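The values are calculated or read from the model by the stated rules, or taken from the named source; none is laboratory data. Fair warning: this is a prediction, and the values are worked out from it, not measured in the lab. Glycine gets a Cβ as well: all are built from the backbone with ideal geometry, and neighbour counts include every protein chain shown. Ligands, DNA and RNA are stripped out before the accessible areas are found, and what is left, the full protein with its side chains, is counted by its heavy atoms. Shrake-Rupley method; radii C 1.70, N 1.55, O 1.52, S 1.80 Å.
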Amino acid sequence: MPLNTKTDARLQSALRQWGAHDHRLLQVLRAVQTPAGYLSAEVLAAVADSLSVPLAQVRGVASFYSFLSTEPVGDFRVQFSDSITDRMDGSAALLDKLCRLLWAEPGHVAGDGLVSVATTSCTGLCDQGPAMLVNGRAIGRLNHARIERISELILARIPVDRWPAELFEIVDIVRRRDLLLKCELEPGAALTVARRLSPAELIGVIARAGLRGRGGAGFPSASKWAACAAAPGPERYIVCNADEGEPGTFKDRLLLSQHADLIVEGMTLAGYAVGASHGLLYLRAEYLFLRDGLEQTLARRRQAGLLGATAAIPFDVELHVGAGSYVCGEETALLESLEGRRGIPRNRPPYPVTHGYRDRPTVVDNVETFCAAALVLLAGAEAFRKRGTAQSQGTKLLSVAGDSPARGIYEFPFGVTVRQVLQAAGAEDAIAVQVGGPSGTCISVDEFDRQISFEDLPTGGAFTIFGPTRDIFEVARSYAHFFAHESCGFCTPCRVGTSLLARVVDKIHAGYGTRHELAELEQLIAVLGKGSHCGLGHSAGNPIRDTLLRFMPAYERRLASADFAPAFNLDAALAPARRMTGRDDPAAHLGEGS
Amino acid sequence: MSEPNPPRVRLATTSLAGCFGCHMSFLDIDEKLFPLLERVEFDRSPLTDIKNCGPCDVGLIEGGVCNAENVHVLREFRANCKVLIALGACAITGGLPAQRNHLDLGLCLQEVYLTEPSLARGGIPNDPELPLPLDKVYPLHEIVHIDYFIPGCPPSAEAIWKVLSDLLAGHTPYLAEPLIRYD
Ligand SMILES: Cc1cc2nc3c(=O)[nH]c(=O)nc-3n(C[C@H](O)[C@H](O)[C@H](O)COP(=O)(O)O)c2cc1C
Ligand code: SF4
Ligand code: SF4
């Protein structure tokens, strides 16, 4: 069946923008799927045809990303952010309410194709939750009044473009500024400094500053850049990882919206350092509202002669938008996604510095790392390394969320203790802090004097606070479901292991857990840690491991006393047969145990 | 004074929702049955016709759990066996019988006994002598705690022998990859 004219026009315009190349597949699919639409079989076939890729590959990509849909969705596609902090802010009741107002059921299309309501992983608005996306556009600070408003707009079929702008307002709250956020960049200033240095000298400055990656792992940035510069290849690439998918993290959002020049400046000088003239910025789909601003920044810099093939440092940046997948934050999955494929992590080695984007030497760094690199040139390596600890130089942006009256972004020098952050956030009564999100560490009161640093508590930026009334078991359960949902399914230990972990904690939650399940959890965590292919699987057991260690009573009080109990009521499992046979004799029932 | 013979290990086996293929594979250990019988005496098993399981050291169960009677037998084994082993794919995952799990049991019974012409006049059997089917076929470990699993459909005689001989020798049973590799 041929495409209708509107869809065909979208396809043609996507092909003009991205080119008919197989590695553009994801961006083309994103562009042909309207915000509220889906990718029909005809569209998939047309895309396969235009890009000369097998239909199976197109289907594979379309089914991998959660923001692409191969089934019809509502004209209004509502996705509630389902982070633990959204839940703490009451998202479940709001979702119920919206469903009731719209006669909808979660996960189904309702009202003759009018609306679909579902949940999605953390959308990065934890400082202003509960949050949702409507046709891909973010709305924060949900409350009953806003939900009523939204349901009226949907029922009146008002297109999202014409909804009141204040609904979509995203506020960035900075609570503490240090070296980085105090830096007021005159666009081009860091490049001017850089150009006085040779590429090797520039890398030397970054090394002297002691800059380490801000995405979580803390790899020394200068070593990464030097390795990329030394790798043979006709072209090199700089990739900015703005996928920020770790639940509880939103500091890159601030940088992308308020400090875009600093990011691009950092990418440009990385390009200068390694000899790359192409940059790619991979923005998570949840941050679509930042795209226009970023494009404007890029355009302004091109006009000012700071970016582009003819700039003093010939370097340009292309913006890619993701499609809803946490694992794509992992650097090799990110590269796969940039190349238009399913976001499945690659085997490492070889590492991206030698075989990255399209197999060329590539530097992948976090948003904040590029900002910090620009800062090093502006402020000088010495001023930079004066902040921080022996092995963690400079400052770190923390995304403070959860039970605090003062959520927002806090920039602290590395070495700050958890207690100091809690004091600043007015949350001294916290019982637990999740440092670095679900793949990080959960610590309890006894450890609040530990330091945020690579040598003690590393973090990509999440700092989620749990107050005295919180049930830490529910926190771990929510994270277990997060990993089960986000596992890419490539390797069995993680695909099966994360689902089993979620099943076992659900069993405990339902009151059927015993000591047997606690042992089972430990065993699964060990398998995940040992057998998984990438970092997602390696850390998927962390929330349960940490909370079993520190909050055992939260598990114990849910255990059934028996040595073992099924996860369901056995007598109820006979009910259908009882109903069909009309029997109710003693043999038609099962008791609790033998 | 000579050492008294070590007490014989008591072994019980049964088939729940299985096809006896796993038991056949067990018998395939062939000549090793003789040394085994020197060390083992059978309790409840299709090989002995003992009707109820008494206190045992090891229980081997093939097949998943599809009805109320299976639950009773499984619980009897768990209550009496120090070590309980799930033998074969059906015991471990539900296996072939679990193919019915994506069907609604009520609709199934209705179609077979009420609307399908051949049996329709009989009605749905409701004799209390018949065990009621569960809504789904469950693997053993979802009903009781299981200590060891021997995968395969059926597991090879070598794999079964390895687990039993490990237990007799006092080792934690271990199946190296060749014994659980099927392609
Ligand atoms: C499952 C998973 C998700 C990740 N998500 C992100 C992310 O959203 N942003 C990020 O910068 N790094 C993320 N990382 C880390 C990247 O793989 C990589 O280490 C980082 O981008 C390197 O940049 P840096 O050296 O500047 O920190 C993730 C890693 C894993 C295993
Ligand atoms: S560990 Fe999980 S996310 Fe990583 S490759 Fe394996 S299945 Fe995919
Ligand atoms: S595992 Fe195979 S051989 Fe054993 S009972 Fe099931 S179907 Fe039969």
Within the stretch B:17-59, residues being touching a residue at least 60 places away in the same chain (Cβ under 8 Å) and closer than 30 Å to A:Ala588 by Cβ number 4
Does A:Cys488 count as open to solvent by less than 40 Å² (accessible area, probe 1.4 Å) and part of a loop (DSSP other than H, G, I, E, B)?
yes
Out of A:Gly537, A:Gly529, A:Gly541, A:Gly513, which single residue is away from ligand 2 (no atom under 16 Å from the Cβ) and either buried (at least 19 other Cβ atoms within 10 Å of the Cβ) or of a type outside the set (Phe, Trp, Tyr) (or both)?
A:Gly513
Name the one entry in A:Ser81, A:Ser52, A:Ser63 that is closer than 30 Å to A:Thr469 by Cα and not charged (D, E, K, R).
A:Ser81
Of the conditions (1) open to solvent by 30 Å² or more (accessible area, probe 1.4 Å); (2) among the acidic types (Asp, Glu); (3) out of contact with any strand residue (DSSP E or B) (no Cβ under 6 Å at 6 or more places or on another chain), A:Glu244 satisfies every one except a single condition; which number is it?
(1)
Return yes when A:Phe219 is within 16 Å of ligand 1 (Cβ to nearest atom) and in contact (Cβ under 8 Å) with a residue 24 or more places away in the chain and no when it is not.
no
Return yes when A:Asp243 is of a type in the set (Asp, Glu) and touching a Phe, Trp or Tyr at 6+ places or on another chain (Cβ under 7 Å) and no when it is not.
yes
Within the stretch A:206-238, which residues are in contact with a Ser or Thr (Cβ under 9 Å, 6 or more places away or on another chain) and assigned to a loop (DSSP other than H, G, I, E, B)?
A:Gly210, A:Leu211, A:Gly213, A:Arg214, A:Gly215, A:Gly216, A:Gly218, A:Ala231, A:Pro232, A:Gly233, A:Glu235, A:Arg236
Considering only the stretch B:147-168, I want to know if a residue exists there that is within 19 Å of A:Arg578 (Cβ to Cβ) and open to solvent by 60 Å² or more (accessible area, probe 1.4 Å).
no
Would you be able to say whether some residue in the stretch B:81-97 is away from ligand 3 (no atom under 16 Å from the Cβ), within 14 Å of chain A (Cβ to nearest Cβ) and either assigned to a loop (DSSP other than H, G, I, E, B) or crowded, with 17+ Cβ neighbours inside 10 Å (or both)?
yes
Could you tell me whether the stretch A:359-368 includes any residue that is away from ligand 1 (no atom under 16 Å from the Cβ) and not polar (S, T, N, Q)?
yes
Considering only the stretch B:53-76, how many residues are within 27 Å of B:Gly170 (Cα to Cα) and more than 16 Å from ligand 3 (Cβ to nearest atom)?
8
Of B:Pro173, B:Pro128, B:Pro178, the only residue that is open to solvent by 40 Å² or more (accessible area, probe 1.4 Å), away from ligand 2 (no atom under 16 Å from the Cβ) and not in a helix (DSSP H, G or I) is B:Pro128
Considering the stretch B:126-141 alone, what residues qualify as being at pLDDT below 95 and within 7 Å of chain A (Cβ to nearest Cβ)?
B:Asn126, B:Pro128
Of all residues being within 12 Å of chain A (Cβ to nearest Cβ), open to solvent by 40 Å² or more (accessible area, probe 1.4 Å) and not in a helix (DSSP H, G or I) in the stretch B:101-125, which is farthest from A:Arg578 (Cα to Cα)? Just the residue, please.
B:Leu103
Unique match (being farther than 29 Å from A:Phe483 by Cβ and not in a helix (DSSP H, G or I)) among A:Leu39, A:Leu101, A:Leu3, A:Leu68
A:Leu3
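Yes/no per residue for (1) under 29 Å from A:Arg358 (Cα atoms); (2) over 23 Å from the mean Cα position of the chain (by Cα); (3) among the aromatic types (Phe, Trp, Tyr):
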site: A:Ala20; (1), (2), (3): yes, yes, no
site: A:Arg30; (1), (2), (3): yes, no, no
site: A:Leu39; (1), (2), (3): yes, yes, no
site: A:Pro54; (1), (2), (3): yes, yes, no
site: A:Val58; (1), (2), (3): yes, yes, no
site: A:Glu71; (1), (2), (3): no, yes, no
site: A:Ser83; (1), (2), (3): no, no, no
Could you tell me how many of the residues in the stretch A:356-400 are polar (S, T, N, Q) and either in contact with a helix residue (DSSP H, G or I) (Cβ under 8 Å, 6 or more places away or on another chain) or surrounded by 24 or more Cβ atoms within 10 Å (Cβ to Cβ) (or both)?
6
Among the candidates A:Gly343, A:Gly324, residue that is open to solvent by less than 20 Å² (accessible area, probe 1.4 Å), on the phi > 0 side of the Ramachandran plot and in contact (Cβ under 8 Å) with a residue 40 or more places away in the chain
A:Gly324
Give me the pairs: first residue in the stretch A:528-539 and near ligand 1 (Cβ under 9 Å from one of its atoms), second residue of a type in the set (Asp, Glu), beta-carbon distance under 7 Å, and six or more apart or on different chains, which are they?
A:Cys534/A:Glu330; A:Gly535/A:Glu330; A:Leu536/A:Glu330; A:Leu536/A:Glu486
Which helices (runs of 4 or more DSSP H) sit wholly inside the stretch A:239-345 and have at least 2 residues that are among the acidic types (Asp, Glu)?
A:260-274, A:291-303, A:331-338
Scope the stretch A:491-507; condition within 13 Å of ligand 2 (Cβ to nearest atom), in contact with a Gly (Cβ under 6 Å, 6 or more places away or on another chain) and either within 14 Å of chain B (Cβ to nearest Cβ) or open to solvent by 20 Å² or more (accessible area, probe 1.4 Å) (or both); matching residues
A:Pro493, A:Arg495
Got a number for residues in the stretch A:564-584 being within 7 Å of chain B (Cβ to nearest Cβ) and without any contact (Cβ under 8 Å) to a residue 24 or more places away in the chain?
11
Just a yes or no: is a residue in the stretch B:50-68 away from every other protein chain (no Cβ under 14 Å), surrounded by fewer than 23 Cβ atoms within 10 Å (Cβ to Cβ) and more than 26 Å from A:Ala562 (Cα to Cα)?
yes
The stretch B:31-49, residues that are within 24 Å of B:Leu130 (Cα to Cα) and open to solvent by less than 20 Å² (accessible area, probe 1.4 Å)
B:Ser45
